[in-house]
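One structure below.
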Amino acid sequence: MNKNFTNYFSKLLIITCLSLFSACHSNMKMINNNYYNWNHQQQLLLNIKNYKLNGLITYISKQYNISANFYWQQINKNDYRFVLTNPFNTIKVCLNITNNTTKLIINNNIFYYQQSPDVIIKELFNINVPFKYLNQIVLGIINKNQEFVLNKYGYLNNATLYDNNNVWNIMYSRHSYYHNNMVVLPKYIELSCNDVNIKIKIYNWII
């Protein structure tokens, strides 16, 4: 075999190997940075114990296609207040969850229940909303047994939530995140389960 050809081939092989190593190293760095951002983000989110937000929620199913403004106040880990209003900001429905008691206000009528709001709303209106998980869903917190996919910035792209017989697919809009000095928070979230589709558009956060 020609000596010059052998030398040329050897150099070409070395250059190719170095290029592949460099590409692999670059990809590994990107993946590691992705998960570094993700782990850092989760720790910041877990430190948020209370907050307020408002926005627009749309519920679509075979039976309903309704939209309403909403206000959410997370008081502590388990207690919160959820309010639905009409375009004139008149309260339509209010849920107060405190010490495992659900206080439901509809048209100034007050009802108390010992059941979770998920069960109450399902029984009263045949509306399926995973209230007990909404805190972690709107923040973007993932449980250990959840499946999830990150976007290229290390933030949630989508996740799957298993709730008894319900499987919720949760999508986070790729470019819809609020960035501030503390933490990155979602602007737009879409949940789907069977024939139910819930769209949540968040106007602002108060942390």
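The values are calculated or read from the model by the stated rules, or taken from the named source; none is laboratory data. Worth saying up front: this structure is predicted, and the values here are computed from it rather than measured. We place every Cβ from the backbone using ideal geometry, glycine too, and count neighbours over all the protein chains shown.
One residue stands out in region 181-193 among those that are under 21 Å from Asn34 (Cβ atoms) and not in a strand (DSSP E or B): the one that is modelled with the highest pLDDT, namely Lys187. Among the residues of region 55-66, which ones are in a loop (DSSP other than H, G, I, E, B) and either surrounded by 18 or more Cβ atoms within 10 Å (Cβ to Cβ) or out of contact with any strand residue (DSSP E or B) (no Cβ under 8 Å at 6 or more places or on another chain) (or both)? Residues satisfying the conditions are Lys62, Gln63, Tyr64.
Would you confirm, using the coordinates I've provided, whether Tyr133 is closer than 21 Å to Ile60 by Cβ and among the hydroxyl-bearing types (Ser, Thr, Tyr)? It is true that Tyr133 is closer than 21 Å to Ile60 by Cβ and among the hydroxyl-bearing types (Ser, Thr, Tyr).
Restricting the first residue to region 174-190 and requiring it to be over 22 Å from Thr160 (Cα atoms), which pairs with a second residue that is surrounded by fewer than 17 Cβ atoms within 10 Å (Cβ to Cβ) and modelled with pLDDT of 90 or more meet a Cβ separation below 6 Å and a spacing of at least six or different chains? Sorted first by the residue in region 174-190, then by its partner, the pairs are Val183/Leu44.
Restricting attention to region 138-177, the residues that are of a type in the set (Ser, Thr, Tyr), surrounded by fewer than 15 Cβ atoms within 10 Å (Cβ to Cβ) and either part of a strand (DSSP E or B) or in contact with an Asp or Glu (Cβ under 9 Å, 6 or more places away or on another chain) (or both) total 3. Of the set (1) hydrophobic (A, V, I, L, M, F, W, C); (2) out of contact with any Lys or Arg (no Cβ under 6 Å at 6 or more places or on another chain); (3) closer than 24 Å to Tyr64 by Cα, all apply to Ile202 but (2).
Output yes when any residue across region 178-188 is loosely packed, with under 15 Cβ neighbours inside 10 Å, farther than 24 Å from Asn50 by Cα, more than 11 Å from the chain's Cα centre (by Cα) and not hydrophobic (A, V, I, L, M, F, W, C), and no when none is. There is no residue in region 178-188 that is loosely packed, with under 15 Cβ neighbours inside 10 Å, farther than 24 Å from Asn50 by Cα, more than 11 Å from the chain's Cα centre (by Cα) and not hydrophobic (A, V, I, L, M, F, W, C).
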